[in-house]
Amino acid sequence: MIDEKDVEYMKKCLSLAKQAAELDEVPVGALIVHNEEIIASAHNMRETEKCATKHAEIIAIENACRTLGGWRLPDCTLYVTLEPCIMCAGAIVNARINRVVFGAYDEKSGGFGSVINASELRLNHRVVSEGGCLSDECKGILGEYFRQKRKK
């Protein structure tokens with residue numbers, strides 16, 4: 001169940017998404033929380049880094065692994081403005097993240113309910129996922145970004 005703390009963390013993700021937009025990146029922001037402390041944050045960097053895997057979630061996972069000193073991220077929650085794609089859903093499962101909270105659903109490539117639901121697959125780890133946190137705000141920043149792109 002999404003609570004006030006989840007909303008506060010999602011607001012921080014929206015700020016990260018705005019930073020991505022300023023770099024002409026698709027505005028997606030992510031952070032990882034462990035024991036109520038933000039241990040990693042990131043935004044999309046695919047265009048800047050010229051690399052398909054530089055999604056906000058992947059970068060945040062890499063940073064959190066460095067912070068905690070291992071590849072497992074138990075007792076962590078990942079917050080992200082857009083439903084993680086299938087690639088990111090796989091990384092989330094592999095990192096053993098317990099919970100994902102996301103804003104906007106991604107009807108074209110979402111990995112936690114829209115296209116597939118990694119939470120329901122028979123995998124070695126189950127992730128609790130909750131979507132729709134500040135959904136309108138998250139959809140809004142994405143919509144504005146793509147409206148501006150179409151004008152160019």
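Quick look at the numbers
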{"read-out": "222 nm mean residue ellipticity, helices alone, for the chain (DSSP H n ≥ 4; -39,500 (n - 2.57); rounded to 500)", "value": "-13000 deg cm²/dmol"}
{"read-out": "Per residue accessible area of the chain, 1.4 Å probe, in Å²", "value": "53 Å²"}
{"read-out": "Compactness of the stretch 74-117 as Cα Rg over 2.2 N^0.38 Å, two decimals", "value": "1.04"}
{"read-out": "Inter-site label distance for GLU22 and GLU49 at 7 Å from Cα along Cβ, in nm", "value": "2.0 nm"}
{"read-out": "By average C-beta atoms within 10 angstrom, highest first, the peptides 2-12, 40-50", "value": "40-50, 2-12"}
{"read-out": "Under 5 Å, built H, 5+ apart or other chain: amide partners of CYS76", "value": "ASN98, ARG99"}
{"read-out": "Gyration tensor (Cα) of the stretch 5-143, equivalent ellipsoid semi-axes in angstrom", "value": "20, 17, 15"}
{"read-out": "Entries in LYS12/LYS139; LYS11/LYS139; LYS54/LYS139; LYS18/LYS149; LYS12/LYS149 that, when Cα-Cα distance is taken, lie over 18 Å", "value": "LYS54/LYS139; LYS12/LYS149"}
{"read-out": "Span from the the stretch 76-150 Cα centroid across to the the stretch 1-16 one, whole angstrom", "value": "14 Å"}
{"read-out": "Highest-first arrangement of 76-84, 125-133, where packing means the average Cβ count within 10 Å", "value": "76-84, 125-133"}
{"read-out": "Whole-number percent relative contact order across the chain, with pairs defined as alpha carbons under 8 Å at least 6 apart", "value": "21 percent"}
{"read-out": "Interchain or long-range residues, amide H under 5 Å from PHE112's placed H", "value": "ALA118"}
{"read-out": "Sequence-distant residues sharing a close amide H with VAL28 (under 5 Å, placed H)", "value": "ASN44"}
{"read-out": "Two-decimal Rg/Rh across the stretch 1-64, once Rg and the Kirkwood Rh are taken from alpha-carbon atoms", "value": "1.00"}
{"read-out": "Phi to ³J(HN,Hα) by Karplus 6.51 cos²θ - 1.76 cosθ + 1.60 over the stretch 115-128, Hz, x for Gly, Pro", "value": "9, 10, 10, 4, 5, 9, 7, 7, 10, 6, 8, 10, 10, 7"}
{"read-out": "Environment charge of ALA52, counting only residues whose C-beta is closer than 14 Å and scoring Lys/Arg +1, Asp/Glu -1", "value": "-1"}
{"read-out": "Neighbourhood net charge (14 Å Cβ-Cβ; Lys/Arg +1, Asp/Glu -1) for PHE112", "value": "-3"}
{"read-out": "Neighbour net charge for VAL93 - beta-carbon separation under 14 angstrom, K R +1, D E -1", "value": "+3"}
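The values are calculated or read from the model by the stated rules, or taken from the named source; none is laboratory data. No experiment lies behind these values; they were computed from the predicted model shown. Neighbour counts run over all protein chains shown; Cβ positions are idealised from the backbone, glycine included. For the accessible areas, the whole protein counts, side chains as well, though only heavy atoms, and no ligand, DNA or RNA atoms are used. Shrake-Rupley method; radii C 1.70, N 1.55, O 1.52, S 1.80 Å.
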